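Read the figures in this text as sums done on the coordinates, not as results from a lab. Computed from a prediction, not measured in an experiment: that's the story for all the values here. Here the Cβ positions follow ideal geometry from the backbone for every residue, glycine too, while neighbour counts run over all protein chains shown.
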Amino acid sequence: MSQALRRLATLTASTKRTPALSSGKRGAPVAYLSGLLCTPLDPVDPETRQRLQLDTPHELKQTFVRGLVDIVEGDLLVVAAVEYPVRAVAEWAASTRGGDAYLHLTLEVLK
């Protein structure tokens, strides 16, 4: 499976993160990580949506980002200039035999 995910991780993405509160105000998200490789964005199945208890009127997508990078819930994943709020992050090892590690991201598609 690791080889398959490696071949599928063809999209380049970046992230934005909201800076810490300053004087009681939250700033606009700023660039945080760049040059990330991820798989194409796919719809989240209803079972995953229910398991994560994500009750949102918006569509949910998922992707796998290569490597265990610093992405947290609330960050924005930017793909082709479109920003997707990160709703859930989980570590995912493609193989127990030394395969690549990935982050499984659940994203919200704002319409």
Legend entry - Mean separation of Cα contacts under 8 Å, 6 or more apart, over the residue count of the chain: relative contact order %: 27
Legend entry - Spatially proximal aspartates and glutamates relative to Lys111 (Cα-Cα < 15 Å; intrachain offsets below 8 disregarded): Glu59, Glu83
Inset, instruction - Could you calculate, for the chain, the ratio of the Cα radius of gyration to the Kirkwood radius, expressed as Rg to Rh? - result: 0.99
Legend entry - Charge context of Ala31, other residues only, Cβ under 10 angstrom, K/R +1, D/E -1: +2
Inset, instruction - Compute the FRET efficiency between Glu59 and Glu91 as 1/(1 + (r/R0)^6), taking r as their Cβ-Cβ distance and R0 = 22 Å, and round to the nearest 0.05. - result: 0.35
Inset, instruction - Treat each spin label as a single point 7 Å out from the Cα along the C-beta direction, and report the Val72 to Arg26 distance in nm. - result: 1.2
Inset, instruction - Calculate, for Thr18 and Leu110, the FRET efficiency according to 1/(1 + (r/R0)^6) with r their C-beta to C-beta distance and R0 22 Å; round to the nearest 0.05. - result: 0.90
Legend entry - the chain, helix-only ellipticity at 222 nm - DSSP H runs n ≥ 4, -39,500 (n - 2.57), divided by all residues, nearest 500: -3000 deg cm²/dmol
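Counting Lys and Arg as +1 and Asp and Glu as -1, what is the net charge of the other residues whose Cβ lies under 11 Å from the Cβ of Val109?
Net charge around Val109: 0.
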